[in-house]
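One structure below.
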Amino acid sequence: MTSSHSNILYRWPTDDLLCWLLRGLAAIAGLVVVFIVVFLIAETLPVLSHVGLERFFTDPSWHPAEGFYNLTPMLWGTLFTMAGSVLIATPLGILSAIFCHYYAPPILTRPYRRLIELLAGIPSVVYGFWGLVVLVPLIGEIHPPGPSLLSGILILTIMILPTIALMADASLANVPQHYLRGAAALGLPRWATIRGVVFPTAKSGLFTGVILETGRAIGETMAILMVCGNVVQTPSSFFDPIRTLTANIALEMSYALGDHRAALFVSGLVLMTMIAALTMAAEWISRGRIYG
Amino acid sequence: MNDLNRRYGDASIYSFLDACRLKVGNLLPVFLMLPLFGWSGTSAAQTTAPDQLSGKLVVTGASTLAPLIAEIGKRFESLNPKVRVDVQTGGSSRGVADVRQGLADIGMVSRAMKDDEKDLHAFAVASDGVGILVHKDNPIRALTDEQIIAIYTGKITNWKEVGGKEAAITVVSKAEGRSTLEVFLHYFKLKNTDIKPHVVIGDNEQGIKIVAGNRHAIGYVSIGTAEYNESQGVRITLLPIDGVPASTKSVQNDTFPISRPLHIVTRTAPTGLAKAFIEYAQSKAAYDIIAQQYFVPLAD
């Protein structure tokens, strides 16, 4: 029996094996999410069945020990911090990547990129601690009390900036050189090249970067917990303290019992729904135009 | 039956969390053999050889006490290698219920014993005091209970109204479920819904950082933590309550009003392993652990 025989005629089922192995691994990855959702729903069912879902949005306040479960202010808290930080970080990150690729002198690019990578590697609790002892007192001087939506947005911006900056950097690096040369041959100025050639080509990478940073902004807990003040209220100004859904879980988890604990799982479920909605919205916006 | 299921459902999650957090006991047995715990634990505790202690001690109850008892348990385990101490949280009422039903050898109760709990044997291991603190630059050195209540309920919003400088007060309170909050609310006879905070914090250290960073803040934290930070030069001042200075000393000699005893309880008069553990927890050998956890030992 020759080797070509074994390859072609008596195909040993390596392909099948690999295929099943990959199917299995993919199933595990998918099942993790399914299990998390099932677990969340199972944990929240008791409280949902005797309190009811709508009370989590219509109760007068969040005082779970006294039977009030309104999550809406925290939903707003999460949305505002997320929106604020993404709105600031996205242009900053993309423009810094543009600068790095097309404007910066070569001697600056490498150290600059290392710096951004370093920024990405700093643990969130360090940002939080810095925010608590430096940023919060500073904001408190301008407009008391200090811990506020503003400080949350600023800290989050710094934290998600490297995500978008590095993603943008990578997707700009993937723009084919001959596009750029073609643009140069047409005599396009640099900014026109960037706007007309680079952005459309790098669109999918930039979009992925925005999704990733948004996900990180929603999920961030520790730093937010330290600088936002954690008062459950819908903010009316940037200087109002707020509490996010993630901070809510982290703050009350260790001492919560019974319904209170289940209510925290509802916070988790709401977060999960938010992220699912975000992903679906992203899919819908792109609708195959961006990926592909 | 439903109640029983809920208990075990709850307990499994808590013991799991505790195994992760407190690193007491093995994760797997805690998870798998939960229903067996009570019986195996109790029987083991009773069949102890007089010279060498062995067996497993199950301790359940107040989450305030759990880290302390877990630490004491760790040291007790290292002194008695054949002993295992499993600490599970679930609140003071669970501690009482588990001890009554024989599900736990020892219960943890983070308050004074109630009248209908006289059937249990209670042993105080430490006290916990809650002190009101302001920034060191704040000229205020005393507030009456009424003023504190007015500040926390939002009726007084400027330091000027209590004899301080013209500045808005930043009210720092604790997150729901924290025991410090409960002690505070209990003493001032408030409900958490009455409190109008500007900052809500999780643990004591965070509260101290906030107050030290904001000259117009007022907060309350566990006295042990505050005293330690004050001695380290952190810019905070503890205010006296009713003229009694807030210090571990005044908590210890029972003159400081905002405090509570921390108890461990048993159903019958403790024998063998449980007795040895309780004696150890009350002994001077455990004082440094108690101080480490920012509680106040019973006496010097």
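The values are calculated or read from the model by the stated rules, or taken from the named source; none is laboratory data. In this text the structure is predicted, and so the values were computed from the model without any measurement. With ideal geometry, Cβ positions are generated from the backbone for all residues, glycine too; neighbour counts draw on all protein chains shown. Side chains included, ligands, DNA and RNA excluded: accessible areas come from the protein's heavy atoms. Shrake-Rupley method; radii C 1.70, N 1.55, O 1.52, S 1.80 Å.
Taking 0.36 nm per residue of separation and subtracting the Cα-Cα distance, what length does fully extending A:L22 through A:V134 add?
35.4 nm
For the stretch A:49-106, rounded, prolate or oblate, judged on the Cα gyration tensor with a ≥ b ≥ c (square roots of eigenvalues), a/c < 1.5 rounded, else prolate if a/b > b/c?
Since a/c reaches 1.5 and a/b is larger than b/c, the shape of the stretch A:49-106 is classed as prolate.
Quick one: if the Förster radius is 25 Å, what FRET efficiency do B:K284 and B:Q232 give, using the C-beta to C-beta distance and rounding to 0.05?
Efficiency for this residue pair is about 0.50.
Of all GluC sites (Glu not before Pro) in the stretch A:17-103, which ones are in loop regions per DSSP and have a Cβ with at most 14 other Cβ atoms within 10 Å?
Sparse-neighbourhood loop GluC sites (Glu not before Pro): A:E54.
With all pairs of different alpha carbon atoms counted, what Kirkwood hydrodynamic radius in Å does the protein assembly as shown show?
27.4
B:I236's amide H: which non-local residues (gap 5+, or another chain) put their own amide H closer than 5 Å, with H modeled 1.01 Å from N in plane and none for Pro or chain starts?
Residues meeting the amide H criterion: B:K136.
Using a 1.4 angstrom probe, figure out how much accessible area the protein assembly as shown has per residue, in square angstrom, rounded to the nearest whole.
Computed with neighbouring chains in place, this is 47 Å² per residue.
Testing the spin-label approximation: label points 7 Å from Cα along Cα→Cβ at B:F123 and A:T72. State their distance in nm.
5.3
Pop out the ³J(HN,Hα) list for the stretch A:201-217 in order, Karplus 6.51 cos²θ - 1.76 cosθ + 1.60 with θ = phi - 60°, rounded to Hz; leave Gly and Pro as x.
Each residue's phi maps through the Karplus curve to give 6, 8, 3, 5, x, 5, 5, 4, x, 5, 4, 4, 5, 5, x, 5, 5 Hz.
Round to a whole angstrom and tell me the spacing of the C-alpha centers of the stretch B:270-300 and the stretch A:213-235.
The two parts, judged by their Cα centres, are 39 Å apart.
Carbon-plus-sulfur fraction of the accessible area of the stretch A:163-292, 1.4 Å probe, in percent?
Whole-percent figure for carbon plus sulfur exposure: 66.
Just to check I understand the Karplus step: with θ = phi - 60° and J = 6.51 cos²θ - 1.76 cosθ + 1.60, what whole-Hz values come out for the stretch A:233-245, glycine and proline as x?
Residue by residue, the stretch A:233-245 yields 7, 7, x, 10, 8, 5, 9, 7, x, 9, 10, 9, 4 Hz.
Leaving out ligands, DNA and RNA, and with a 1.4 Å probe, what % of the accessible surface on the stretch B:104-193 is carbon or sulfur?
53
Pop a pseudo-label 7 angstrom from the Cα along the beta-carbon direction at both A:R110 and A:D15 and give the gap in nm to one decimal.
Each label point is offset 7 Å from its Cα along the Cβ direction, giving 4.6 nm.
Would you mind giving the total buried accessible surface between chains A and B, with a 1.4 Å probe and ligands, DNA and RNA left out, rounded to the nearest 100 Å²?
Adding both sides of the contact gives about 2400 Å².
Whole Å is fine, so just give me how far the alpha carbon centre of the stretch A:243-292 lies from that of the stretch A:137-177.
21
Quick one: grab the alpha carbon gyration tensor of chain A, order the square roots of its eigenvalues as a ≥ b ≥ c, and give me rounded if a/c is under 1.5, else prolate or oblate depending on whether a/b is larger than b/c.
Oblate.
Would you pull out the residues with amide H under 5 Å of A:D59's amide H, same chain only if 5 or more places away, H placed 1.01 Å from N?
So A:D59 has HN proximity to A:Y69, A:N70.
Take every residue in peptide B:158-171, count the Cβ atoms of other chains within 10 Å of its Cβ, and give the average of those counts.
Mean inter-chain Cβ contacts per residue within 10 Å come to 1.
Short version: ³J(HN,Hα) in whole Hz for each residue of the stretch B:175-186, in order, from phi by Karplus 6.51 cos²θ - 1.76 cosθ + 1.60 (θ = phi - 60°), x for Gly and Pro, what are they?
My calculation for the stretch B:175-186 gives 6, 3, x, 6, 6, 4, 4, 4, 5, 4, 4, 4 Hz in order.
Can you list the residues of the stretch A:46-74 that have at least 30 square angstrom less accessible area with all protein chains present than in their chain by itself, probe 1.4 Å?
A:H63, A:E66
Report, in debye and to the nearest 20, how large the dipole of the protein assembly as shown comes out about its Cα centre when Lys and Arg carry +1 and Asp and Glu carry -1 on their Cβ.
1520
What FRET efficiency would be calculated for the residue pair A:V126, B:K165, taking the C-beta separation as r and a Förster radius of 51 Å, to the nearest 0.05?
So, using R0 = 51 Å, E works out to roughly 0.90.
Could you give the nm distance between label points at A:R55 and B:S93, where each point is 7 Å from its Cα heading toward the beta carbon?
Result: 1.6 nm between the two label points.
Give the aspartates and glutamates whose C-alpha is closer than 13 Å to that of B:K56, dropping any in the same chain fewer than 8 places away, or say none.
The qualifying aspartates and glutamates are B:E77, B:D86, B:D105.
Quick check: Cα centre of the stretch A:71-93 to Cα centre of the stretch B:218-255, how many Å?
39
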